[in-house]
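Taking it in order: structure first as structure tokens, then the write-up.
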Amino acid sequence: MILDGPFELDPTRRYSVNSMSFKMARRIGGISVGLFAYFGPYVVQISALFLGYDHEEEVSLIKPGVNFLTMESISMLPPQCDGVVLVAWGEPWRAGEGSVTWEELKESDYHGMKLVLNQYEELTE
């Protein structure tokens, strides 16, 4: 399920992710959420995590200096990246209520994302 995006980028530029977080109601669990980049017909996962019971409302996938999936200090987007998208998968449930549809989750429990990209030019010799 696409939670947010896609957000288009200029494929002639290079980008790194400075930070990325999203807000999800604490009562939601059983899903994974990830940031994906696409370039042409290809898609690559940049970061992701599993939301278990009683997580924080604002969840960070990437903070300045650390990608919580790869533990790398820099989260580069691939060359010629066209855009990014926030995707969720799994079997969502609400605490005390049981399973929930993706449409219900997106409408009432997902509260947006914050994405900060750094743009730079590659050095050429």
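Is it true that Ser108 is closer than 15 Å to Lys23 by Cα and in contact with a Ser or Thr (Cβ under 6 Å, 6 or more places away or on another chain)?
no
Pairs meeting the criteria (first residue in region 21-43 and surrounded by 16 or more Cβ atoms within 10 Å (Cβ to Cβ), second residue polar (S, T, N, Q) and assigned to a strand (DSSP E or B), beta carbons under 6 Å, at least 6 apart or on different chains) are Ser21/Ser60; Gly34/Gln45; Leu35/Ser47; Phe36/Gln45.
Flag: Tyr120 matches the condition of being within 20 Å of Asp10 (Cα to Cα) and open to solvent by 30 Å² or more (accessible area, probe 1.4 Å).
Identify, from the list Gly52, Gly98, Gly83, Gly90, the residue that is closer than 14 Å to Ile31 by Cα and surrounded by 11 or more Cβ atoms within 10 Å (Cβ to Cβ).
Just one listed residue meets the conditions, Gly90.
Scanning region 15-64 for residues that are among the hydroxyl-bearing types (Ser, Thr, Tyr) and outside any strand (DSSP E or B) gives a single hit, Tyr53. For Glu104, are the conditions met, namely being of a type in the set (Asp, Glu) and not in a loop (DSSP other than H, G, I, E, B)? Yes: the conditions hold for Glu104. Residues in region 67-101 that are in contact (Cβ under 8 Å) with a residue 40 or more places away in the chain, on the phi > 0 side of the Ramachandran plot and assigned to a loop (DSSP other than H, G, I, E, B): Gln80, Gly96.
The values are calculated or read from the model by the stated rules, or taken from the named source; none is laboratory data. These figures come from a predicted structure and were not determined experimentally. Glycine gets a Cβ as well: all are built from the backbone with ideal geometry, and neighbour counts include every protein chain shown. Keep in mind that these areas ignore ligands, DNA and RNA; they rest on the heavy atoms of the full protein, side chains included. Shrake-Rupley method; radii C 1.70, N 1.55, O 1.52, S 1.80 Å.
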